[in-house]
Structures are given as C-alpha cells and as structure tokens.
Amino acid sequence: MAVILNLLVVNGPNLNLLGTREPEIYGSKTLKEIESDISNEFGSIHIEWFQSNDEGEIINKIQTLVDGKVNGLILNPAALSHTSIGILDSLKAISIPKVEVHISNTNHREEFRKNKITAMGCDYIMEGFGPSIYRLAISNLKFVIENKG
Ligand code: DQA
C-alpha cells in the first residue's frame with residue numbers, strides 16, 4: 001500500500017517576493033501561485049508551505065521536525081544558504097530526508113553563491129529548473145521515501 005506522505009517546504013528570505021523579484025532569474029509566478037499549483041498536482045501528498053525572512057523562525061520551524069511526524073523536508077534557504085551555520089546545525093539535528101533546492105542555477109551566478117553551507121546538512125541538492133524545482137524535489141523525495149532510499 002502506498003505510504004501517505006507529509007512533507008514540509010520551507011522558503012527563506014525574499015522568496016515571498018517571487019513574481020516581481022528579478023523575474024528574469026526567478027520567473028513570474030508568485031509564491032502563492034507556485035504553492036497552490038504544486039499542492040493541487042500532488043493531491044495525495046500533504047504539503048505544508050512555510051516562508052520566512054527570519055533566520056530564527058526558519059530554525060524554529062526545522063526544529064519542529066525532530067519528532068519525525070513529517071516524512072521529508074524541502075528547503076530553499078535562499079541567501080541564508082550561503083551564510084547560516086545556525087540552519088546547518090538545525091538540519092543536522094533532524095533525521096528525515098532533506099533536499100536543498102534553488103530556483104536558479106547558482107553555479108552560473110556570482111562566486112559567493114557557490115558556497116552552500118546549509119546544503120552540508122541536507123541529503124540531496126537540486127537547482128536550476130526555475131520554480132518547477134519544488135515539483136521535481138517533491139517527486140524525487142516521494143520516490144526516495146517510498147523506496148527507502
Ligand atoms: C536562491 C539562490 C540564492 O543565492 C538567492 O540568495 C536566493 C534564491 C534560488 O532559489 O535560486 O534568494 O536560493
């Protein structure tokens with residue numbers, strides 16, 4: 001029987017501005033549009049979407065995952081990917097499968113975006129497919145969880 005999945009998607013600073021923020025890099029869909037399109041597509045998966053511009057709030061949210069009730073985490077730490085040891089440590093404290101995602105291909109951008117501190121705390125990293133990266137990450141995570149790696 002198929003496992004019923006509970007996934008959490010966490011988005012970091014400035015991703016609340018998707019749609020208007022540098023659309024040539026991030027596309028023209030708002031975060032709300034991305035969330036509802038993808039949630040509708042994966043009707044059988046329960047997906048919670050969380051966005052914050054605040055590093056502490058993101059750490060608090062990740063800490064709620066310690067009880068293992070959520071099956072997997074998709075995290076776009078945005079700029080905090082390049083700086084946050086606090087988020088890295090919170091990721092290391094939880095044992096569910098974790099995917100770091102980026103909408104843009106950070107390897108084609110400024111040098112500082114190549115350094116991803118938080119990705120060291122994730123099992124997987126995916127990037128550069130535009131806003132569809134969330135859809136692709138959910139699909140891959142579903143495969144990994146249902147096939148136990
Ligand atoms: C981003 C890439 C980061 O370098 C940047 O700071 C972001 C968005 C992405 O999704 O491509 O805010 O995480």
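The values are calculated or read from the model by the stated rules, or taken from the named source; none is laboratory data. Predicted model only: the values in this text are computed from it and were never measured. As a convention, Cβ positions derive from the backbone with ideal geometry for all residues, glycine included, and neighbour counts pool all protein chains shown. We work out accessible area using only protein heavy atoms, side chains counted, and drop any ligands, DNA or RNA first. Shrake-Rupley method; radii C 1.70, N 1.55, O 1.52, S 1.80 Å.
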Just a yes or no: is a residue in the stretch 100-107 of a type in the set (A, V, I, L, M), under 16 Å from residue 127 (Cβ atoms) and within 15 Å of the chain's Cα centre (by Cα)? yes
Checking the structure you have, find out if any residue of the stretch 67-84 is out of contact with any Gly (no Cβ under 7 Å at 6 or more places or on another chain), near the ligand (Cβ under 10 Å from one of its atoms) and acidic (Asp, Glu). no
Taking residue 56, is it under 24 Å from residue 90 (Cα atoms) and modelled with pLDDT of 95 or more? yes
Pairs under 8 Å by beta carbon, first residue on the phi < 0 side of the Ramachandran plot in the stretch 43-67, partner open to solvent by less than 70 Å² (accessible area, probe 1.4 Å) and of a type in the set (Lys, Arg), six or more apart or different chains? 45/142; 50/61; 52/61
Can you tell me which residue in the stretch 41-57 is nearest to the ligand (Cβ to nearest atom), limited to those that are surrounded by 13 or more Cβ atoms within 10 Å (Cβ to Cβ) and part of a loop (DSSP other than H, G, I, E, B)? 53
Looking at the stretch 85-107 only, could you name the residues that are touching a residue at least 40 places away in the same chain (Cβ under 8 Å) and within 11 Å of the ligand (Cβ to nearest atom)? 103, 104
Is it fair to say residue 110 is under 21 Å from residue 23 (Cβ atoms), within 10 Å of the ligand (Cβ to nearest atom) and in contact with a His (Cβ under 6 Å, 6 or more places away or on another chain)? no
Quick one: how many residues across the stretch 3-40 are touching a helix residue (DSSP H, G or I) at 6+ places or on another chain (Cβ under 7 Å), away from the ligand (no atom under 12 Å from the Cβ) and open to solvent by 50 Å² or more (accessible area, probe 1.4 Å)? 2
